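Read through the structure below, which is laid out as structure tokens, and then see the notes.
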Amino acid sequence: PSVCEWALAHARGLDPAAPAFLKALAIFGPGAELRQVAGLARLDAELAAAIADGLIDAGLLSADEPLCFSQPVVSRAIAASLSPIERATLHRRATRMLASEDAPAQRIAAHLMAATRTGSGWAVEALCEAAAASLGAGRPADAVRYLRRALDEPPPRRLRAHVVFELGCAEATAGEPEAARRLSEAVDSITAVPEQLGSALDAGRVLFALGR
């Protein structure tokens, strides 16, 4: 807390909007672009650039591109100082900004993991896309995390069976014991006959591969 108080007080002495800039950068993490931090902090580009220069001169930010804190402990302290609701809300806004720039699915999903839950179909689809990318890269444990978060969103009714099925497949690949129950639940919840038959066949292949 003392590190956070020192950093924010120092920033406030440079410009009243500088603490908001630091909080936005702490949410985005290393690799954030100036325009992204400015947007999240709701600052115009010219003011954000002036604040960034002042923070670099003060030693709070590194002079390297893209933006980053000169000391990671300051970033962690500022992020930890945010209330759970404030942090989750900022992460939610960050996801929308990244999506508007066609950022990689896994970068968007990283923010969604910490974002507020609103029952958004868009968020569920973004998490499913990140899960598919993780499976393709041979990281089934990451896919399981993303899909479990998608279920917590929660998904709209039209997407729920799909999410449960994809989660069951990811859990099976990751060796999770609940995969069989999850796949059965998914198949039972699908009402359209062609889709149900296809899902049942896919679930059977996954279980067969597991020796079930």
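Quick notes
- The length gained on full extension between T118 and S100, counted as 0.36 nm times the residue separation minus their Cα-Cα distance, comes to 4.6 nm.
- Solvent-accessible heavy-atom area per residue, rounded to whole Å², over the chain at 1.4 Å: 51 Å²
- Rounded, prolate or oblate (a/c below 1.5 giving rounded, otherwise prolate when a/b exceeds b/c) for the range 1-89 by Cα gyration tensor: rounded
- Each label was represented as a point 7 Å from its Cα along the Cα-to-Cβ direction; for D15 and V73 these points are 2.7 nm apart.
- Projected label distance in nm at R35 and V3, using a 7 Å step from Cα toward the beta-carbon: 3.2 nm
- Cα gyration tensor shape for the range 155-210, rounded if a/c is under 1.5, else prolate or oblate: oblate
- Between amide H atoms placed 1.01 Å from N, distances below 5 Å from L61 occur with I56, S70, all of them 5 or more places distant or on a separate chain.
- With both labels modelled 7 Å from their Cα along Cα-to-Cβ, the E46 to L197 distance reads 6.6 nm.
- Size of charge dipole - the chain - debye, nearest 20, with Cβ of Lys, Arg +1 and Asp, Glu -1, no other charges: 640 debye
- Sites A141 and L210 - FRET efficiency at Förster radius 22 Å, r taken between beta-carbons, to 0.05: 0.85
- Each residue of the range 167-177 was assigned a 3J(HN,Hα) from its phi angle through the Karplus expression (A = 6.51, B = -1.76, C = 1.60, θ = phi - 60°), giving 5, x, 5, 5, 5, 5, 5, 7, x, 6, x Hz with x at Gly and Pro.
- Taking the protein heavy atoms of the range 60-122 in the context of the full set of protein chains, the accessible area attributed to carbon and sulfur is 57 percent at 1.4 Å.
- Shape of the range 67-123, Cα gyration tensor, a/c cut at 1.5: oblate
- Remark on A32: its backbone amide H falls under 5 Å from those of L67, a criterion applied only to residues 5 or more positions apart or on other chains, H modelled at 1.01 Å from N.
- Each stretch of four or more DSSP H residues adds -39500 (n - 2.57); spread over every residue of the chain, this sum gives -23000 deg cm²/dmol at 222 nm.
- The phi-based Karplus calculation (6.51 cos²θ - 1.76 cosθ + 1.60; θ = phi - 60°) puts the 3J(HN,Hα) values of the range 101-114 at 9, 6, 5, x, 4, 6, 6, 5, 5, 4, 6, 4, 4, 10 Hz, whole numbers, x for Gly and Pro.
- In degrees, nearest ten, helix 18-28 long axis to first principal axis of the chain (Cα): 30 degrees
The values are calculated or read from the model by the stated rules, or taken from the named source; none is laboratory data. Only a predicted model underlies this, so the values are computations on that prediction, with no experimental measurement involved. All Cβ positions, even for glycine, are placed from backbone atoms using ideal geometry, and neighbour counts span all protein chains on display. Please note that ligands, DNA and RNA were not included when accessible areas were found on the heavy atoms of the full protein model with its side chains. Shrake-Rupley method; radii C 1.70, N 1.55, O 1.52, S 1.80 Å.
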